[in-house]
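The values are calculated or read from the model by the stated rules, or taken from the named source; none is laboratory data. The structure displayed is predicted, hence computed values, not measured ones. We place every Cβ from the backbone using ideal geometry, glycine too, and count neighbours over all the protein chains shown.
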Amino acid sequence: MKKINIITIIITAMLCLLISTGKAQNLVPNPSFEDTVHCPTTLDQINYSTGWSTYCVTPDYYNACNGNVLGVPSNGIGYQAAASGNGYAGFTAYNVGGFAREIIGRQLSQTLLIGQTYYVSIKVSLAEFEGPPPQFVPCNKVGAKFSTIPYSASNPAPVNNFAHVYTNTIIGDTTNWTTIKGFFMADSSYQFIMIGNFFDDAHTDTINRPNGVRSYFFLDDICVSTDSSLCYHPVDVPELQKNEAVIILPNPANDFIFIDVESSTKLDLSIYNMIGERVLKKEINNNSSINVSDLLNGIYIVRINFNNKITNNKLIINHN
């Protein structure tokens, strides 16, 4: 009887382990900067948050354990409660007259699988304070980028006008946390995540601030998962209608899609990502060719006004 009980316990434990390891999880360890190696004592100590490090210039770390200029919620930069817990990071994203980009990075808990769709979200909050030049200003293009190798202050992450997930909206809220979210299909076996602005000045929009005002971003709650519900809830989209009168080829697509519509009139086409943002709007004819090379890898909804009704067609973008 004892043997049966022991075997049963072992089998049950193994099943529980298999089930737990098979569940989707946040692949970013220490996602809200709670775990510390040491309490921060000066600026530039992002490495004091367990697992995080400098990938470009000198990002900062704040924690309630400091209780002074690097504290939470009050510190030398401003006043902001953590989105969760007692810690967060900080960085600058745009320097007027220069090229300063502070980038934070770390290794993921698992290597990303090629062809797998991953959902990403980060929270940022703008802080503004008086300070000497150089002048840092609010900007867009803040987001997340993935890499197969780590970077450092001496070997900085490239600023090459590409990120896997980023915002086109200038972050200007100094009171609340703004969530930047999106998804992408992994095209490499990425092992590291980086947070910052990976676009040069010509591709970044800004807001002018008075001389002597410096703008800065707090960062918290970073999530990467195959389960969208862990990072965010994608917008509900209408159930896709099977409409043989609308044909989209190829699907998955790379640079161009060709749309065949049985109509002699011009039609309105819109493409939405899975969080409801319209990423492309175009007036089309029958047998139209559309350039989708600027769209990130992932799943989209192609919406066409057709015969007095709206058709929704699933489109997969996969740049080889």
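In contact with a helix residue (DSSP H, G or I) (Cβ under 9 Å, 6 or more places away or on another chain) and assigned by TED's automatic domain parsing to the domain that holds CYS223 - does that describe any residue in region 163-171? Within region 163-171, not a single residue is in contact with a helix residue (DSSP H, G or I) (Cβ under 9 Å, 6 or more places away or on another chain) and assigned by TED's automatic domain parsing to the domain that holds CYS223. Scanning region 105-124 for residues that are touching a Ser or Thr at 6+ places or on another chain (Cβ under 7 Å), crowded, with 16+ Cβ neighbours inside 10 Å and hydrophobic (A, V, I, L, M, F, W, C) yields LEU112, VAL124. ALA144 falls short on exactly one of the conditions (1) modelled with pLDDT under 95; (2) small (Gly, Ala, Ser); (3) closer than 16 Å to ARG106 by Cβ, and that condition is (1).
Which one is surrounded by the most Cβ atoms within 10 Å (Cβ to Cβ) among residues in region 129-154 that are of a type in the set (Ser, Thr, Tyr) and part of a loop (DSSP other than H, G, I, E, B)? Please lay out each step first, then the result.
Taking region 129-154 and keeping what is of a type in the set (Ser, Thr, Tyr), we get 147-148, 151-152, 154.
Remaining after also requiring part of a loop (DSSP other than H, G, I, E, B): 148, 151-152, 154.
Values: THR148: 11, TYR151: 18, SER152: 12, SER154: 6.
Ranking the candidates gives TYR151 first.
The criterion of being assigned to a loop (DSSP other than H, G, I, E, B), in contact (Cβ under 8 Å) with a residue 40 or more places away in the chain and in contact with a Phe, Trp or Tyr (Cβ under 9 Å, 6 or more places away or on another chain) does not hold for TYR216. Taken together, the residues in region 215-258 that are within 17 Å of GLY276 (Cα to Cα) and either touching a helix residue (DSSP H, G or I) at 6+ places or on another chain (Cβ under 8 Å) or at pLDDT below 85 (or both) amount to 11.
Results for (1) outside any loop (DSSP other than H, G, I, E, B); (2) more than 25 Å from ASP205 (Cβ to Cβ), shown as yes or no for each residue.
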| position | (1), (2) |
| --- | --- |
| GLU34 | no, yes |
| ILE77 | no, no |
| ALA100 | no, no |
| GLY105 | yes, no |
| ALA127 | yes, no |
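Inspect region 169-181 for any residue being farther than 25 Å from SER74 by Cα and either under 18 Å from the mean Cα position of the chain (by Cα) or not in a loop (DSSP other than H, G, I, E, B) (or both) and give the result as yes or no. The answer is yes, given that some residue of region 169-181 is farther than 25 Å from SER74 by Cα and either under 18 Å from the mean Cα position of the chain (by Cα) or not in a loop (DSSP other than H, G, I, E, B) (or both). Contact annotation: residue pairs with Cβ atoms under 8 Å, 6 or more positions apart or on different chains, pairing a residue in region 263-285 that is touching a residue at least 40 places away in the same chain (Cβ under 8 Å) with a partner that is in a loop (DSSP other than H, G, I, E, B) and not hydrophobic (A, V, I, L, M, F, W, C), are SER263/ASN286; SER263/ASN307; MET274/PRO234; ILE275/TYR232; ILE275/PRO234; GLY276/PRO234.
State which residue is farthest from PRO133 (Cα to Cα) when the search covers only region 78-97 and only residues that are of a type in the set (A, V, I, L, M, F, W, C) and out of contact with any Asp or Glu (no Cβ under 8 Å at 6 or more places or on another chain).
Start the filter on region 78-97 by keeping residues that are of a type in the set (A, V, I, L, M, F, W, C), which leaves 81-83, 89, 91, 93, 96.
Remaining after also requiring out of contact with any Asp or Glu (no Cβ under 8 Å at 6 or more places or on another chain): 81, 96.
Values: ALA81: 27, VAL96: 9 Å.
Going through the qualifying residues, I end up with ALA81.
One residue stands out in region 118-134 among those that are at pLDDT below 85 and of a type outside the set (Gly, Ala, Ser): the one that is nearest to THR92 (Cα to Cα), namely PRO134.
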